[in-house]
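Please treat every number below as a calculation from the coordinates, not as lab data. Here the structure is a predicted model, which means the values were calculated and not measured. FYI the Cβ positions are ideal-geometry reconstructions off the backbone, even for glycines, and counts take in every protein chain you see.
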Amino acid sequence: MKLTVNGQEREVDVEDDMPLLWVLRDELGITGPKYGCGIAQCGACTVHVDGVAVRSCQLRAGDVEGDVTTIEGLGTPETLHAVQAAWIEHQVAQCGYCQPGQMMQAASFLDLNDDPDDEDIDRAMSSNLCRCGTYPRIREAVKTAARNLRNA
Amino acid sequence: MGRATTIARRTFLIGSAAIAGGVAFGTYMYRRPPANPLLANLEEGEAAFTPYVKIDAEGVTLITPRTDLGQGTYSVQAAMIAEELDIELDQVQVDPGPPSPAYYNTALSEESAPFRSTDESFAAESARGFVDMLMKFLGMQVTGGSTSVPDGYEKLRMAGAVARETLKAAAASKSGVAVDQLKTANGAVQLPDGSELTYVELAPVAAGMELASGVTLRDPGEWRLLGKPMRRHDMVAKSTGRLTYGIDMKIDGMVHAAVKRNPRQGGALKGFDASAAEKMRGVMKVVPIKGGVGVIADNSWRAFQAVEAIECDWGPAPYPANMDGHWETLANSFVDERLDARTRDDGDVEAALRQGEVFEAEYRVPYLAHAPLEPISAIVKVTEERVDVWTGTQIPRFVQNNVATMTGMDVENVHVHVLYVGGSFGHRLEDDVVRQTVEIAMTMKGTPVKLTYSREEDMLHDYPRQIAMARGRGTVKDGKVEAYDLGIAMPSVIGSQMGRQGLSVPGPDPAILAGAWEQPFAIANYRVTGYRAPELAPISSWRSVGASSNGFFHDCLLDELIHAAGADPLEERIRLCWHEPSRKVLEAVGEMSGWGSDVGANRGRGVAFCMSFGVATAEVVEVTATDAGIRIDKVYVAAEVGKVVDPVNFDNLVKGGVIWGLGHAMNCEITYADGMAEQTNYHAYEGMRLYQCPEIEVRGLENGDKIRGIGEPPVPPAAPALANAIFAATGKRIREMPFNKHIDFV
């Protein structure tokens, strides 16, 4: 089957029910999306399909309709997305393993609401689990990213 | 061996050894220098300055032997070297280096010796020295116990300083300018005429130089990097999805494996039927392993699916099948025959308890999984000549030895490549995954085999935090705490963990009383007793180890007695505290939280204190009792660490520790039913999510004379501070974790 990932068309030979996460990681070698739980509880696998955050561990490869963007496609070290720039500015990451998912979630959420209050942030970001406890910095980074997106 | 320079108070030496075409500077132990791990891979023209600094044509590499689990230790270790070496962090490569006995962890042993970390008497120092000897003998290159900073603080800076001075000597010899005319900056030696000789071009010259001697460490007042906010070197990679964790590692020709072991930990595999699995797409092989089965496939997901399809006949668990049996075992352990240690016995507790009304309470904490977000994985390639292991581990030396034993290979032919870790919290102090990968890879020699645990496999086979129970008694008199008697029963963490490495540790297990017996309070009649319960489910070190349970027990009992005395919770703790740096921590958290001011209706403030890993930490939690449940509004933390080496990382680790402590106390437990952990994924074991996270204010104090690590100490006071705050807000005492069994949280 054909998939468009980070702007490139890719051909893969996989079962329809293989989760997109494992197609990305093991078949295409795109390891930014992380495996954490496999049951949509942690959000580490979050990618965008046509700009909307989805849990790639729950999306069957055969059901992918739209362009897939992973953290690698959101921005690069040279061309950072506003969310990534804010994550770096606030030094959010500890182990960093959940952060690709956190940033993909934040980018998609800020695309819909670039002036969120604390409650909006709590609601949007609580489906992504962080075991190191970087939440206070995630909150700050989301606010900084929102501000920079509004002023862009 | 050339010259060596001794570091005061520590037994290590920075020395040099001449080799063909170069020189290496190493950390030596005792009189016998261990093999320098860098020499084996040193190429012609490449000079290695200590096992911590390597300079070649490619540039400067700093070797940071403690594993980065997310605590930022690669950056902090690199900064300690770079500070003295006069080099910027963006000019260096950071490499965890190969396993070597030269990288033993001296600081870890301090926590294993039966002396308070506030005690610097000769006896205390010599006991630590004894344990230190043992640790060195074992060659423990272990990451743990919040020791990376204390362990590296002198060694790494001295390595940088010796390398710098030797490079200057090389520059003097090359340029003819006297050493005292030379300066260093930006990775180069600067000559008086304004020209520079880079470290890279000096490296071959330095290889022929005598080791600089009489090198002294810079005064902290001159620091460029340390003590100031640092940019972690991995932050950009971690923020752009470019960092390769163990689970992301790919080796050419690699195949993917999954395992399923008896979910009753340590139980046998009696038989299995893999006929369905063998027919599944991508499956190459089914391999029986110790206590279970493995599948090799061409993709991780296919391996997971196939191993699930194997039907197994499992034997029973070697521990009680249900929780009643575990709690009963603990309840029956408060007896003389199970006495492990009574390391605190001040005054006459029995006599004091005979006078006045005796307060009594029982406290319980459950098993807890580590559940770091990155599931465990390893890659192993076995050939006739060598074995390569790629994995994130806190115990690379144990891994190397165990793999050598399993494969019959000489230790020097086992190459352990330590990879980035997506969280550990103690999880990676175990090496089961490597052993299983070796078992599987032995059946496919020449092919790299990557074993990844499913989340369910990871949680079912986590070696959890100890289950523990405490019984407290006490009396009060004239508004003060008069007698305090705490007994703690738990199985031995060290026994269980070291047992899996084939080691038996004689004597009492310091973890049974850590965080309880060594608290700096002058109570007239004060006794703390540890009881070693029989082995139950296998357990392991979990962020803050013994103190994770004992800090809760000790402080909750103290809070209840202070309440019974009618005293103020903070003022009475301050009055009882004899240790000045600890008292300052309590005073600081009082000032930060505005302790004593009106907290408002339906609200409560709780304070707790715990000295663990030598770090006095006090926390104040503020809660509101809403109609829907308890909301944690704010947490204030003050901790005494001697020196804050990186303020950003310090802040991040303290907040993370508080969230870890609160989240598990509120929401988490591992329970066994029919011998199996009932919580197998995050839906049943969440820790804390963002909506529950309070605002956290952090202050690091620098009144102590020793530098301390901060990964673990913020954890123990969090749970009791929350319990005490809930009591203040609601009048309800919670004596058992998780608290959500007794009260709702919003």
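Structure summary
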{"item": "Calculated FRET efficiency for the pair B:Lys250/B:Val505, C-beta based, R₀ 41 Å, to 0.05", "result": "0.60"}
{"item": "Lysines whose Cα lies under 25 Å from that of B:Lys732, excluding same-chain neighbours fewer than 8 positions away", "result": "B:Lys477, B:Lys480, B:Lys634, B:Lys741"}
{"item": "Per-residue Cβ neighbour rank within 10 angstrom, fewest leading, B:Asp458, B:Asp705", "result": "B:Asp705, B:Asp458"}
{"item": "Residue pairs, from the table B:Lys54/B:Lys174; B:Lys238/B:Lys381; A:Lys143/B:Lys584; B:Lys183/B:Lys228, whose Cα atoms sit over 25 Å apart", "result": "B:Lys238/B:Lys381; A:Lys143/B:Lys584"}
{"item": "Neighbourhood charge, 10 Å Cβ-Cβ cut-off, centred on B:Glu456 and excluding it, Lys, Arg +1 and Asp, Glu -1", "result": "-1"}
{"item": "Segment B:Ala404-B:Glu88, length gained on full extension (0.36 nm per residue, minus Cα span)", "result": "109.9 nm"}
{"item": "Per-pair calculated FRET efficiency, R0 = 45 Å: B:Glu201 and B:Glu535 via Cβ, rounded to 0.05", "result": "0.15"}
{"item": "Footprinting exposure proxy for B:Lys450, B:Lys168, B:Lys643, A:Lys2 (fewest neighbouring C-beta atoms within 10 Å first)", "result": "A:Lys2, B:Lys643, B:Lys168, B:Lys450"}
{"item": "Pairwise label distance in nanometres, B:Ala628 with B:Arg603, each label 7 Å out on the Cα-Cβ vector", "result": "1.9"}
{"item": "Within-15-Å neighbourhood charge of B:Lys183 [Cβ basis; K, R +1; D, E -1]", "result": "-3"}
{"item": "Whole-Å semi-axes of the ellipsoid equivalent to segment B:638-702 (Cα gyration tensor, √5λ, descending)", "result": "32, 13, 9"}
{"item": "Summed side-chain charge close to B:Met666 - residues other than B:Met666 whose Cβ falls under 13 Å, Lys, Arg +1, Asp, Glu -1", "result": "-1"}
{"item": "Segment B:589-698 - Kirkwood radius from inverse mean 1/r over Cα pairs (Å)", "result": "15.8"}
{"item": "Paramagnetic reach from B:Ala268 (point 7 Å along Cα→Cβ, amide N under 17 Å) across segment B:289-307", "result": "B:289-293"}
{"item": "About the Cα centre, charge dipole magnitude for segment B:515-620 (Lys/Arg +1, Asp/Glu -1 at Cβ), debye", "result": "220"}
{"item": "B:Glu571 versus B:Asp345: modelled label distance in nm, points set 7 Å from Cα along the beta carbon direction", "result": "3.5"}
{"item": "Ranked B:His563, B:His256, criterion: other C-beta atoms within 10 Å, fewest first", "result": "B:His563, B:His256"}
{"item": "Approximate spin-label separation B:Ala564-B:Glu58, in nm, with each point projected 7 Å along Cα-to-Cβ", "result": "6.4"}
{"item": "Computed lengthening from B:Glu736 to B:Glu311, 0.36 nm per intervening residue step minus Cα-Cα distance", "result": "149.2 nm"}
{"item": "Reachable aspartates and glutamates, given that their alpha-carbon falls under 15 Å from the alpha-carbon of A:Lys34 and they are not under 8 places away in the same chain", "result": "A:Asp26, A:Glu72, B:Asp248, B:Glu374"}
{"item": "Cα-only radius of gyration and Dmax that characterise the protein assembly as shown, units Å", "result": "27.5, 83"}
{"item": "P(r) weight above 23 Å for segment B:349-506, C-alpha pairs, percent", "result": "53"}
{"item": "Kyte-Doolittle mean at least 1.6, axial Cα span of 27 Å or more - DSSP H helices of chain B", "result": "none"}
{"item": "Under the span-like rule (Cα at least 18 Å along the axis, Kyte-Doolittle mean at least -0.5), DSSP H helices of chain A", "result": "A:99-112"}
